[in-house]
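See below for the structure under consideration.
All of the numbers you see were taken from the coordinates with simple rules; none came from a lab. Treat the numbers as computed from the prediction; the structure is a model and nothing was measured. So basically every Cβ, Gly included, is an ideal-geometry build from the backbone, and we count neighbours across all protein chains shown.
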Amino acid sequence: MLVSHLEMGMLSEGLTQVLIPVAALVGIVFALLQWYVVSKVKVSGDSSSGLSDKLIEDEEDGVDNREASIKCAEIQNAISIGNLSLSLSLSLSENALICLLWPDHWLFNGATSFLFTQYKYLSVFMCVFAAIIFLFLGSVKGFSTKSEACTYNKGSLCKPALANAAFSTIAFLLGALTSVLSGFLGMKIATYANARTTLEARKGVGKAFVTAFRSGAVMGFLLAANGLLVLYISILLFKLYYGDDWEGLYESITGYGLGGSSMALFGRVGGGIYTKAADVGADLVGKVELNIPEDDPRNPAVIADNVGDNVGDIAGMGSDLFGSYAESSCAALFVASISSFGISHDYTAMSFPLIISSVGIVVCLITTLFATDLLKIKDVSEIEPSLKRQLVVSTILMTVGIAMVSFFALPSEFTIFNFGTEKVVKNWHLFFCVAIGLWAGLVIGYTTEYYTSNAYSPVQDVADSCRTGAATNVIFGLALGYKSVIIPIFSIAVAIFVSFSLAAMYGIAVAALGMLSTIATGLAIDAYGPISDNAGGIAEMAGMSHKIRERTDALDAAGNTTAAIGKGFAIGSAALVSLALFGAFVSRAGINTVDVLTPKVFIGLIVGAMLPYWFSAMTMKSVGSAALKMVEEVRRQFKTIPGLMEGRAKPDYANCVKISTDASLREMIPPGALVMLTPLITGTLFGVETLAGVLAGSLVSGVQVAISASNTGGAWDNAKKYIEAGVSEHAKSLGPKGSDPHKAAVIGDTIGDPLKDTSGPSLNILIKLMAVESLVFAPFFAAHGGLLFKYL
């Protein structure tokens with residue numbers, strides 16, 4: 001199986017074992033340093049109310065008074081931990097009296113409270129599914145504790161199936177916990193930074209931008225470094241038992257990816273339902289019916305909306321991209337373990353995916369300095385170019401890094417497992433595989449930006465269509481979304497063809513890893529958006545000046561585009577990851593060819609293509625149902641609370657938060673069950689060939705639907721912001737806020753909210769999760785699957 005001229009790479013095993021954890025620790029230290037710099041911006045607060053931060057920065061031009069700044073601190077605390085001791089429509093003295101008399105009445109669920117409640121539900125799921133993994137995989141050989149012949153390394157003995165069951169279960173739990181930690185840390189960082197970004201906006205847009213971006217970088221680097229470090233340590237610990245059985249070791253480590261993505265699914269769906277129910281309710285009543293500003297403190301849904309930005313866009317995205325990273329690494333490691341790297345026990349070459357991620361952390365660190373220290377923002381017009389520069393700089397630097405790693409870490413020539421045969425591959429082949437994934441990600445990012453940024457004609461055309469009402473706005477938006485699929489799909493297709501031609505399924509796995517190699521920068525850009533959005537909301541609720549709100553709106557508008565770019569990366573990488581996992585599943589299940597003309601495969605193909613639509617229907621209806629309740633509640637409060645519209649009375653924020661929380665926790669279960677149970681039921685009842693068809697169908701269909709949904713929603717959102725900003729003569733002709741075109745744009749935005757923040761982002765998890773779950777359970781399906789066909 002091993003070619004005779006195989007040589008080891010130039011990077012020694014000892015140096016590899018030092019390089020990977022050191023890079024991860026450098027990432028963590030850099031993240032903590034950014035956190036420290038952000039913490040230097042002090043937020044006003046009283047320690048007796050649960051806030052540890054003391055007095056605010058001095059204002060440069062006296063724009064805002066101390067009262068508004070204290071409100072910033074209170075609102076931040078409400079969004080973060082749910083301790084709102086402030087009724088935003090009343091004076092500070094009135095609030096102080098109310099808080100003394102009825103302190104418990106003002107406690108309601110912030111982002112932390114919601115996530116802890118969600119994690120209680122998910123902990124039950126983790127335990128149940130961990131038991132299923134152990135029972136299914138342990139039963140492959142009747143819970144035998146005897147060593148058995150290896151599947152790929154002929155003539156060698158591997159550890160018993162029971163051991164693989166136990167270690168796959170442990171890996172699943174580790175992946176799930178790391179995913180939860182990634183989402184939670186991201187949320188805490190975002191809620192820590194939002195008020196600080198608002199306060200820095202008083203000094204200029206440049207200061208606010210750096211604060212928001214540094215905070216996003218904290219999340220990006222912590223997630224990338226933690227994911228790499230936990231995976232590296234898990235492999236080292238598992239190796240203590242497995243020894244030379246690398247086949248069993250890396251098969252069991254695939255559970256790490258399954259744990260990461262399963263938590264990400266529930267985080268994305270639950271957080272998406274929470275945030276969009278509040279957002280739609282707040283916009284439809286506040287903007288369209290009552291013509292009050294966005295994030296106006298009189299709107300009862302405003303706090304729920306801002307909490308939702310953190311639990312959906314931050315915690316959900318963090319878990320999502322961690323899942324992609326974990327799965328691409330696991331897919332590459334598994335294929336490598338049954339190739340010459342694993343057979344010859346070449347540790348450095350085997351660790352190629354982890355070294356790529358290590359170099360990526362260093363590259364992203366250098367790239368971040370361009371935004372925070374080297375090329376500082378001085379004007380609003382420089383925000384979006386600075387964020388795009390991050391993508392370009394990180395891609396160029398990473399290309400150089402990939403070349404170095406490919407030359408030093410890999411042998412000049414080796415073999416890769418290719419569906420039962422061995423493909424001879426050279427180290428420069430893998431360089432091109434990783435690089436094409438990296439550059440395909442940049443193409444997808446720029447295409448997404450073109451179709452979702454209001455600086456370009458597609459979004460401006462959508463905005464112009466609002467002249468004739470919401471119907472034409474919806475038609476133009478849908479057409480834009482469908483058209484935006486073309487270039488990303490061609491990019492993914494080229495990446496797949498080149499990488500598979502050069503290095504079979506291993507090439508596709510490392511191409512996915514290439515797209516995710518700059519994950520720290522990608523997440524920093526992505527997290528920047530919700531932080532800026534929250535900062536604008538806090539400025540509005542705290543009654544800060546119009547000038548401050550204009551600055552935060554400029555940050556937010558760029559953030560909407562970067563969020564769409566982040567979703568594009570997530571979807572593109574998901575396509576490559578799921579294809580690599582599909583290849584690993586086919587190999588592990590012992591399928592030689594997947595013939596679509598076979599009835600078993602074709603029925604799976606057509607059902608798999610239907611699943612993204614079924615899943616989207618569930619999530620869209622969940623958002624719609626929750627939004628319906630939210631709209632009715634907001635209308636009820638404006639009708640029944642005297643003086644609310646005039647600002648003399650306070651809204652009942654808690655009731656709106658409760659509607660979003662209850663809907664999210666209840667409605668995330670059916671879509672999650674659909675995704676988790678489909679591979680188990682299909683593999684057990686219909687067998688591995690039908691399951692292969694399901695995976696292929698869901699991949700092909702899901703990618704198209706996800707890109708279209710994400711870009712349609714992003715375009716509608718920025719079309720609305722284009723009209724609101726009124727920067728150009730064309731935009732001014734459609735405005736101002738409250739005009740008929742603006743109301744049509746708001747309706748389009750509310751339709752797009754669940755598309756871009758719930759269904760679209762969740763679909764990329766669907767295609768990844770079903771593939772990695774199928775890979776983990778492949779031994780069971782191969783041994784005992786297809787029960788229906790056996791008895792028909």
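What to note about this one:
- Mean separation of Cα contacts under 8 Å (6+ apart) over length of the stretch 218-341, as relative contact order %: 39
- Rounded Å value of the spacing that divides the Cα centres of the stretch 600-622 and the stretch 271-289: 27
- Between amide H atoms placed 1.01 Å from N, distances below 5 Å from residue 418 occur with 423, all of them 5 or more places distant or on a separate chain.
- In terms of packing, defined here as the mean over residues of other Cβ atoms within 10 angstrom, the peptides 264-272, 219-227 line up highest first as 264-272, 219-227.
- Values (i) 31.3, 101; (ii) 29.7, 123; (iii) 25.9, 86 are given for comparison; Rg and Dmax of the Cα atoms in Å, derived from the coordinates here, is the one labelled (iii).
- Violating pairs (Cα-Cα greater than 21 angstrom) within the set 621/756; 426/768; 287/732; 207/567; 120/658: 426/768; 207/567
- Cut-off of 10 Å, at most 15 other beta carbons, DSSP loop: longest stretch of the chain lacking such GluC sites (Glu not before Pro): 61-645
- Per residue, the convex hull spanned by the Cα atoms of the stretch 471-522 amounts to 86 cubic angstrom.
- Listed pairs 378/547; 547/743; 376/737; 146/239; 483/720 exceeding 22 Å between Cα atoms: 547/743; 376/737
- Nearest 10 degrees, 0 to 90: helix 161-200 Cα axis against the chain principal axis: 20
- Cα gyration tensor category, rounded, prolate or oblate, for the stretch 433-549 with a/c compared to 1.5: oblate
- Relative contact order (%) - the chain, alpha-carbon pairs under 8 angstrom, separation at least six: 19
- Relative packing of 749-757, 652-660, 714-722, which averages over residues the other C-beta atoms within 10 Å, highest first: 714-722, 749-757, 652-660
- Sequence-ordered 3J(HN,Hα) estimates for the stretch 467-480 from the Karplus curve with 6.51, -1.76 and 1.60 and θ = phi - 60° stand at 4, 9, x, 5, 4, 5, 4, 5, 4, 4, x, 5, 4, 4 Hz, glycine and proline given as x.
- Gyration tensor (alpha-carbon) shape descriptor, the stretch 252-407, a/c threshold 1.5: oblate
- Placed amide H near residue 158: partners under 5 Å, 5+ positions off or other chain: 148, 149, 150
- The stretch 718-755 and the stretch 513-569 have Cα centres lying 19 Å from one another.
- For the stretch 592-692: rounded, prolate or oblate by the Cα gyration tensor [a/c cutoff 1.5]: prolate
- Sorted peptide list for 509-521, 205-217, 364-376, criterion being average Cβ within 10 angstrom, highest first: 509-521, 205-217, 364-376
- Between 0 and 90°, nearest 10: helix 111-138 axis offset from the chain longest Cα axis: 10
- Between helix 669-686 and the chain: long-axis angle, C-alpha atoms, 0 to 90°, nearest 10: 20
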